[in-house]
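Report on the structure given below.
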């Protein structure tokens, strides 16, 4: 049985109009990053979490890399039911066959082929001519098409490839049977304007462009991975490759949670949707931190501890009046909560609110006294907990009672 006969380009394109497919490579590109390696059990836990998150395509690994990676891809392919399961392969027969074998149990499979196309890579990495690279790609796609439902072709270092040559090799890839064309910014080099121009050029010049999905895969070496991914979407990319918490080679990949919430929050601008269950973003982020033993930076967009935390008195006052003053999305939409952190920058409004939440009766005199003690405490520690506030209130009540006794006749 030829799996490719069960899948088709039309099935990939069918709902692509206002929908961006999320291709998660946490388990492959993300896991390759130093410090983020996962064993088979951890990969399976993450795969189930990604399925619950609503990811469209999960790149489960690189089967030819190691026996354990092969086994992990095979187990994920057998176990998951909803997403397409992808396996990475170089344009080499052994890689392709290994990927096809690992994906045999998948309900919907994709072999993700990659081959360098930039002048720098052709000369120093491959030692191949332009035509030789094209021939290798076409042969590999034909082989992969017989082993999986779909074939995706990635031109490694695409954004540093001559545009006319990139359009030509992509055209050949379409003719050979690829249904997804990925133009990665492999080294995180380009700007949003440049990636917009490249995707517009490809959609115009690739033969058969209307029969395939264009994909973006951006790295964060210059801090523009998310911006570049969004620019590619604006230019017609309908698949975006990303990772939870932005993990990946060197400075990482575009962060899934950032892309998804940018599209969600600015929907009138981008006019596209994803199938992501956004309320699961925070717990999925924390699961990755757990299985890799790598903490999420506090200032990480969307899922960091500070993403919905406020300490400044001015901000806290605004938040107490109207959440929209300083939050552009609801924390519950990503599975998080707003936190008014009490510290040295906090003001009286936030302190009063917290004391009321702790069910204390707070008049102005009490607030004045406790606020002075609170400020003294913030000079000694970064934040003040509810237990600290209870202690401050107990001290105030004891002092008040002592003063009352002293004044009694």
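A few points about this structure:
- Boolean, residue 210 is in a loop (DSSP other than H, G, I, E, B) and in the same structural domain as residue 47 (by TED's automatic domain parsing): no
- Which numbered condition residue 227 misses (of (1) without any contact (Cβ under 8 Å) to a residue 40 or more places away in the chain; (2) buried (at least 22 other Cβ atoms within 10 Å of the Cβ)): (2)
- Taking the criterion of being more than 21 Å from residue 156 (Cβ to Cβ) and buried (at least 24 other Cβ atoms within 10 Å of the Cβ), the only residue of the range 85-101 that qualifies is 85.
- Tally, over the range 130-156, of residues that are under 12 Å from residue 89 (Cα atoms) and either in a helix (DSSP H, G or I) or not assigned by TED's automatic domain parsing to the domain that holds residue 85 (or both): 5
- The set of residues from the range 183-200 being assigned to a helix (DSSP H, G or I) and closer than 22 Å to residue 113 by Cβ comprises 195, 198, 199.
- Taken together, the residues in the range 313-355 that are part of a helix (DSSP H, G or I) and in contact (Cβ under 8 Å) with a residue 12 or more places away in the chain amount to 19.
- Residues that are out of contact with any helix residue (DSSP H, G or I) (no Cβ under 6 Å at 6 or more places or on another chain) and either buried (at least 22 other Cβ atoms within 10 Å of the Cβ) or not in a helix (DSSP H, G or I) (or both) within the range 234-248 comprise 238, 239, 241, 246, listed in sequence order.
- Filter result (surrounded by 16 or more Cβ atoms within 10 Å (Cβ to Cβ) and in a loop (DSSP other than H, G, I, E, B)) within the range 273-300: 274, 275, 276, 296, 300
- Of all the criteria given as (1) buried (at least 24 other Cβ atoms within 10 Å of the Cβ); (2) under 27 Å from the mean Cα position of the chain (by Cα), the one not satisfied by residue 140 is (2).
- Under the condition of being over 11 Å from residue 183 (Cβ atoms) and in contact (Cβ under 8 Å) with a residue 24 or more places away in the chain, the residues counted in the range 198-224 number 14.
- Among the residues listed as 164, 135, the single one being surrounded by fewer than 19 Cβ atoms within 10 Å (Cβ to Cβ), within 21 Å of residue 237 (Cα to Cα) and at pLDDT 95 or above: 164
The values are calculated or read from the model by the stated rules, or taken from the named source; none is laboratory data. Bear in mind that the values here come from a model prediction, so they are computed numbers and not experimental data. Don't worry about glycine lacking a Cβ; one is built from the backbone with ideal geometry, like all the others, and counts go over all protein chains shown.
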